[in-house]
Structures are given as C-alpha cells and as structure tokens.
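None of the figures in this text is laboratory data; all of them are computed from the coordinates on show. Keep in mind that this is a model prediction, so the values were computed, not measured. Please note: Cβ atoms are built from the backbone with ideal geometry, for glycine as well, and neighbour counts cover all protein chains shown.
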Amino acid sequence: MKLSLPEEELMNSGHLACQGCGATLAMRYVLKALGQKTALCIPACCWSVIDGPFPYSCLDVPIYHCAFETAAISAAGVKAGLEMVGDKETTVVAWAGDGGTFDIGIQALSGVAERNDDIIYICYDNEAYMNTGTQRSSATPYGAWTTTTPIKHFKDRPKKDIVAIMAAHRIPYIATASVGYPEDLVKKVKKAKETKGTRFIHIYAPCPSGWKSRPEDTVKLSRMVVQNAIFPLYEIEWGEKYTLNLKLKDKKPIDDYLRLQGRFLHLTEKNIAFMQGEVDKKWSRLLEQVDGKPAS
Amino acid sequence: MPDKMHLHGRGGKMRKVIMGNHALSFGAMLARVQVISAYPITPQTQVVELLSEMCADKTLDAEFIKVESEHSAMAACLGASLAGARTFTATSAQGLTLMHELLHWASGGRLPVVMGNINRSMAPGWSIWTDQNDSLSQRDTGWIQYYCSSNQEVVDTVIQAFKVSEKLLIPSMVVLDAFTLSHTYEVVDLPEQKKVDEYLPPFKPPIRLTPDEPHAFGGLTSPDHYFELRYKLQKDMEKAPALIEETGKEYEKIFGRYLGLVDDYCCHDADLILITSGTMGSTARVAVDELRQQDVKAGNLRIKVFRPFPFEKVRNIVKGAEKIAVVDRNISYGHHGIFYQEVKSSLYGQDGSPPVFGFIAGLGGRDITPSTFKEIAQHALEKEKPDEEIIWIGVKQ
Amino acid sequence: MKKKKEPQKIVFKSEKDFPLMPMSVGSMLFNKTGAWRNIKPTIDLEKCIQCGICWKFCPDVAIIIENEWPVVDYDYCKGCGICAEECPTKCISMVEEEK
C-alpha cells in the first residue's frame, strides 16, 4: 500500500479538537513534513486547547505555549536560545491562528520578518477568533457572519492580504497551502525546512463549528477554495518570484463553496456577485505577478 | 558613542570610570549572558548600545535580537530562557509596563531572566526623570527586585542576581535611578572574568525545551492544578532572602564586597531611622552625618532587596528606634507610598513598634538633596507621631 | 503501523508531585474521544481499494493501516465523517452508534 505522505505520526489521538477540525489536519501534515526535531511556539488559539490541558500533550514534539502577541518573537527567542546551547538542528516553528497572525501578533511577525530571523511561521487560518467563540478577525472574509459581525452587519471589509504583507518584507520563502492538498502542503513545508531565514506558510483550515459547515465537508471545502481561486496555491521567493502551484483551467464559481457554510447563507445574489468580482480581480492580479508583471 | 573601552584585557583587577548603565552592561557581559533582546528607551539606551558593541566584536558571545518593542524583548528572552540560555534585557518605565503581561509569564514560567530597569516616571506627561512607580507597580509579578545606589553595587548585583535567579528559577530585576545613577560616572572595580566564572557557572536548568525530551510548557491549567504551581512559586520566593545572603557571602569571599538585603548606616543606636532606597539612600547618609553633628541620633536603613520584602531585617533594625521616617519616591494612588505600606505591614503586631512617618518626595525626578532630608527629619522630630498619613515634601502647595 | 500503548490519567496527590513549572508529563492518549460520537464509520473491505485516503484525511489519527488495510480505532474516532465523504469508492458508511 503506497501512502502519499510520510507514515510517522507525531500527533496522537485523544486531542480536544472539534469533529472535522481543519487545524488538526494542518498540524498532522506539518509535523509529518518536519519530523521530530521540531519545537513549536503556540500562542493563544485553538491549538492552545486542542493539545490538551496540563499535565498532558497530544504531540511528540515540545511546545512553548506563549503569550498571544508573541508567536513569532517567542519562536525567534527559542531559536536563539537553542543555538546558544549548541542545538543548531531543531526547526523552530511559530504555530498561530489567524488572530495571532493578522491582528494581535502582526507587530512581532513583522519584526521577525524584517530581521529575517531563522524560524518557520505557520498560520493556520480558520478566518475568525474561533477559540473564543467565533468573533471576527481581519482574516474573516467579506460577507461572513461571526458573533461580532452579525447578519445585520456582516463583515464588510475584505480579508487582510497577509501574504502580500509578508512579501513586502522580502523574506526568503512564502507559501499558501490547504489541507485539501496535503501532498502539496508537505512538499512546501519540507522546502521551508531546508531554507534559512524567515519562512511563512499560510494554511487554509476550515472550522465546522465556526463556519456552520458539516464536519465531513472540511476536506471538500479545502479543495473548493483552491479551485475557485479564493485561496490559490502559490509560492513567493524573496518577495518577488511568484510560482503558481495549481493552474486553474476551469476556475469554479464561488456559489457552491459559499452554500456549504452557514456563515454565508444570509448573502444576497448582489453580495455574491460583488464577492465573485473581487475574487476574479485578485486572481487576475496574481496571474500578472506570476508572469512577472509589476502590480498595477 | 561607546568606544572600544571594554576591550582593555580581561585578566587581572581592573578599575574603570563608568556610568551606571554601562555597569549593567559589564555585569551582563561578565555573567556571560547568551541571549539579549532589548528595545531602546531613554535613559536605558547606553546599556544596550554597549552590549551591542560587545556582541559585535565578540567580547561577548551572545545573540542580540534587536526587537521592535519591549513586549517582544521580554518575549524573546522568555523563549531563549526556556531553551536553556542565560538571558538579559534592560528597559525603563513605558517599556517595563509594556512588558507587564510577560513579567507574570517569566515568574509563572519559572524562567530566570535578569533585567536592568531604569526607574523613570510614568507618562503622561512625558518624563525621563526618576521616580519608582514603574518598577514598584510590578511588585506583584513575582520578580525579585534589587534597588541599587552605586555603580559598583550594580555590577555586583547583576552577577549575584543571575546566581540567585538560576538557583530558584525566579526572574529578577536590578533597578537604577534615571540619570542620578544610570548616567552618573563612578569608579568601579570590575571583577575578573575568571573569578566570575568560578562564582557563576553556566546555566544548567533541570528542564528545558528540547525535542530530546518533549514537554508542552504552560498549557491550559485547571483550578485543580494552578493553585499548587503558584504555591510553589511563593515558597521558592520565600527562600530568596536567605539565598541572597548566602550567595552574597560567597561573593564577598571572592571579591571582597558584601551586598545583603539592606544597608544599615548608624541604625544601631538611632532614635530616628530614615528608611530609603535607590540613590536617595546614599544622599540620606550625608544627611545622617549632618544630623549627627547636630546631636540628632539619626540612622539610615536603605532597602536594597524590595522583593521579597526583608521583613525580619526591617523589624530587627528598627526595634530600638523612637521614630521611623520612610521616604518614598513613589505613590500607590488611593493608598500611600509603597515602602511606607510595606514597612508598616512588617511592623504590624510587633510590640513596641515606633511610629512610622510616611514622606513622599522626588516624584518626576524632582531633586532629593540633604536639605530634603533635613526637612523630613525636622518634621519627624517635631511630632510625637504623624498627624497625616502622607507628608508631601517639596510640593508647591 | 503500530498503535502506541495507552497511557493513564495523571493524579497529583501533593504539591511535591507537581513539576516546577506548568508542563506536560503525560499523553492525551488517555482521553478516549470515541465517547464523543453519535455516528461511526464502517469500512466495507470488499469495496476498499487500499488507496489510503481515509487514513490521510482523519483529523484524529483514528484510522490506522494494519496489514495494508484501513482499520478504524473506535477508541478515538469522533464520527466526523470526513473518511466516508472522501472515500473514492464510497465504501465507508456512517451508521448510528448503538446506545
């Protein structure tokens, strides 16, 4: 039986994630790619709870549960400390949700990226503050319901383009990934592992609880979101060289994707048409960047 | 701009004229810190500038992470400390308070970071001059706090702070007054590196973050467990006074200088004891001399270690006095001066405790001179006991 | 692929038993999350083509490969249904848990 991913499991069962949690799939794949000589810095996020309470853990790698704003810099500190005590091999990873990356953690992330500190920063994006009960973050997409963007005033600002922000820092490696494409995710994380400096990986991770989607749809949503270009799979090296990993011959419309999630069911046709327009614009711009044309 | 003044050989006794901030840098260098992470703030900048030079020319083998805020500075130190490295940072006022969340993290996480803090007044309005509110408002965060009044004391305290912190796994801060100590040049005997290495061996924590023995540090802790973990922190903090004295005596054996928990000047037969801290504690000595010349049996008890508070020492030293005058360069709004509160609480229930006068002086860097102490002494001598709980010295009323 | 041995729930009797800092000393494997589910997957091995997709997409590592065949670990399976949804031959059915 040929398995398409490394066989070793560094994440164990018994953890506290909801049924169908995309964030857990993301962790499982990332650890398969990195191996046991890995240290994680996890700020406040779902994974602070998923890992299990004191005195337990569900991972076979060490974790530093750090303060909310500090994922990136805690990882840089751990890396510096490990190097100074003679461990130059352990890969240090900041593992944060969208809240700890796009919002409260962005200052520390920007600082780390500007200095090109030698860590891998992985953001698993479930598009809201899920751990505290689904409040909006700047990663929440336009149109979504959250508890702080109720239906009568749904999120009316676009999702912050974190990849563009990271590209502006000119770091060696940036990649987007989705748990619907685990082989691609593992390949990218392995590539990141072999690179020095600040590496940023943005992983799309559905949350059935917060998105009001069916738990069994998690992987399906993670494929659809790539195929309709809402979350394309691409890499950026040194902030300049864009590589598209999955060319979309047949870009799918976003309707079917939106329909599978309760957080979008209030949208009118007009809303959806607007959103489709924005996705199309963004996709064209990405294609231009891939072709090497400057952003107009 | 610091020149290569720190490169004058490492062996043998060395006396240098250095400012208080550089005393912190030299202390950290001699302690062979391994990871430094800091953000500039007046009046701390010289600490990190000199450490930057020392790292750049390899006088000090350390990684210096030049972060984008003090919150990140402490966060980096915590990560490095957890990985098993000896860490140091320095800050002041707004920077210290920005780190507040992480000060709790350091003590709760049992991470022995040592930090220099330059006492500077809290904004608003912007002030770069000295008072003690910034560090004293962190008194509940579980850090050992040392208050220095000379540059020699600063160098010696930093080195000893590492030893005590690493033994107890409790972080500590070494506090200097802005400008009156941080920028004042004094002669300092810099300890020999070789001897410091004997006194302070490399940091070897019992547990550290490593894939070789994976743990999850600081996870969700329920009411079933949190209490005991914090009980242990307090119990270990209670060992600090004795440990500080013990390591202080070891230090004295090697380097000839003893620090201890307090500095007792003429208190043994004093009728009026001034209780002070920081640089005003050395100004108070001058005042004590002058008072003695006028036949007033004055004494000065300068408190060097504020946390853990030296209850026993204070009780024993003030036992025989007729009056105590605590001088606070700080205030806890809605209450009193902080040293005043702590002194009073250590005397509560003790038979024959003298009345305690609480003076507030020098906030925002207003100068505290021997005349200030004269006024304080006069006030205390004139009254049987205080008729106000806060006596403001120097406020234009 | 071997399954790891099952660890125990940890009980501290006194403060002396606690580690100095809050840190993990045991595994979450003691926590049998199988108790969470209402529906459970059953695999029809006749239709199974041994593609490994169900193993790949389980968020709870509750499908293991034994002798080249997928086996559900009912101690931990939370019944999310991803395996059934993703199976290319639809040989996994989600059935009601018996009470």
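Of B:Lys297/B:Lys344; A:Lys32/A:Lys249; A:Lys212/A:Lys281; B:Lys16/B:Lys253; A:Lys2/A:Lys88; A:Lys2/A:Lys247, which pairs sit farther than 24 Å apart, going by alpha carbon to alpha carbon? Display every interim value, and only then the final one.
Numbers: B:Lys297/B:Lys344 22 Å; A:Lys32/A:Lys249 31 Å; A:Lys212/A:Lys281 27 Å; B:Lys16/B:Lys253 22 Å; A:Lys2/A:Lys88 33 Å; A:Lys2/A:Lys247 26 Å.
Violating the 24 Å limit, Cα to Cα: A:Lys32/A:Lys249; A:Lys212/A:Lys281; A:Lys2/A:Lys88; A:Lys2/A:Lys247.
In this rough spin-label picture, where each label sits 7 Å from Cα along the Cβ direction, the C:Ile10-B:Phe227 distance is 2.0 nm.
If you wrap a convex hull around the Cα atoms of the range B:187-253, how much volume per residue is inside, in Å³? Could you put the intermediate results ahead of the total?
Numbers: hull volume 11.1 nm³, N = 67.
So the per-residue Cα hull volume is 165 Å³.
Peptide C:80-89 is shielded by partner chain Cβ atoms: per residue, an average of 5 of them sit within 10 Å of its Cβ. Residues whose amide H comes within less than 5 Å of that of A:Ile119, counting only those at least five positions distant or on another chain, are A:Gly197, A:Thr198, A:Arg199 (H built at 1.01 Å from N in the peptide plane).
Structure remark: mean-square fluctuation, Gaussian network model of chain C, C-alpha springs under 10 Å; the largest value among C:Glu68, C:Glu86, C:Glu46 belongs to C:Glu46. One Cα centroid belongs to the range B:128-181, the other to the range A:141-160; the line between them spans 48 Å. Label positions at C:Lys47 and B:Arg292, each projected 7 Å from the Cα along the C-beta direction, are separated by 9.8 nm. Of the cross-linked pairs B:Lys66/C:Lys56; A:Lys270/C:Lys90; A:Lys188/A:Lys251, those separated by over 32 Å at the C-alpha level are B:Lys66/C:Lys56; A:Lys270/C:Lys90.
For the pair A:Ser4 and B:Lys374, label points projected 7 Å from Cα toward Cβ lie 8.9 nm apart. Think of chain A as having a plus end and a minus end, set by charges on the Cβ of Lys, Arg, Asp and Glu; of A:Leu40, A:Val92, A:Leu258, A:Leu258 sits farthest toward the positive end of this dipole.
For B:Ser37, the amide hydrogen comes within under 5 Å of the amide hydrogens of B:Ile65, B:Phe88, counting only partners 5 or more places away or on other chains and with H modelled in the peptide plane. Averaged over residues, the count of other Cβ atoms within 10 Å places the peptides B:126-139, A:113-126 in the sequence A:113-126, B:126-139, highest first. Under a 5 Å amide H cut-off, with hydrogens placed 1.01 Å from N, B:Ile275 pairs with B:Leu301, B:Ala325, B:Val326, B:Val327 among residues at least 5 apart or on other chains.
Translational diffusion of the range C:32-96, estimated by Stokes-Einstein from the Kirkwood radius over alpha carbon pairs at 20 °C in a medium of 1.002 mPa s, is 186 µm² per second. Here the residues B:Trp143, A:Trp283, ranked from fewest to most Cβ neighbours within 10 Å of their Cβ, fall in the order A:Trp283, B:Trp143.
Based on DSSP H runs of at least 4 residues, each adding -39500 (n - 2.57), what is the mean residue ellipticity at 222 nm of chain A after dividing by all its residues, to the nearest 500 deg cm²/dmol? Please list the in-between numbers first.
Working: 10 runs with 102 residues, N = 296.
Computed ellipticity for chain A at 222 nm equals -10000 deg cm²/dmol.
A viscosity of 1.306 mPa s and a temperature of 10 °C, combined with the Kirkwood radius over C-alpha pairs in the Stokes-Einstein formula, give the range A:22-290 a diffusion coefficient of 85 µm²/s. The share of Cα pairs per 10 Å bin across the protein assembly as shown, counted from zero up to the longest distance, runs 3, 13, 20, 20, 16, 12, 9, 5, 2, 0, 0 percent.
Compute the distance from the alpha-carbon center of the range A:60-99 to that of the range B:30-95, in whole Å. Between the Cα centres of the range A:60-99 and the range B:30-95 lies a distance of 17 Å. Ranked for footprinting exposure by Cβ neighbours inside 10 Å, fewest first, A:Leu185, A:Leu244, A:Leu258 give A:Leu244, A:Leu258, A:Leu185.
Among B:Met54, B:Met99, which comes first, then next, by fewest other beta-carbon atoms within 10 Å?
Details: B:Met54 24, B:Met99 27.
Neighbour counts put them in this order, fewest first: B:Met54, B:Met99.
Applying 1/(1 + (r/R0)^6) with r as the Cβ-Cβ distance of B:Asn316 and A:Glu114 and R0 = 45 angstrom yields a FRET efficiency of 0.25. Remark: mean inter-chain Cβ contacts per residue of A:271-280 equal 0, using a 10 Å Cβ-Cβ cutoff to other protein chain atoms. Taking only alpha carbon atoms, the range B:264-392 gives an Rg to Rh ratio of 0.92, where Rh is the Kirkwood radius.
Starting from the Cα of B:Arg257, move 7 Å in the Cα-to-Cβ direction to define the label point; list residues of the range B:129-149 whose amide nitrogen is under 17 Å from there. Once the point is set 7 Å along Cα→Cβ of B:Arg257, B:146-149 turn out to lie under 17 Å by backbone N, inside the range B:129-149. Lacking any other cysteine beta-carbon closer than 4.7 Å, the following Cys residues of chain C have no compatible partner: C:Cys48, C:Cys51, C:Cys58, C:Cys77, C:Cys80, C:Cys87, C:Cys91.
Nearest 10 degrees, 0 to 90: what angle lies between the long axis of helix A:269-290 and the longest principal axis of chain A (Cα atoms)? In chain A, helix A:269-290 runs at an angle near 50 degrees to the longest axis.
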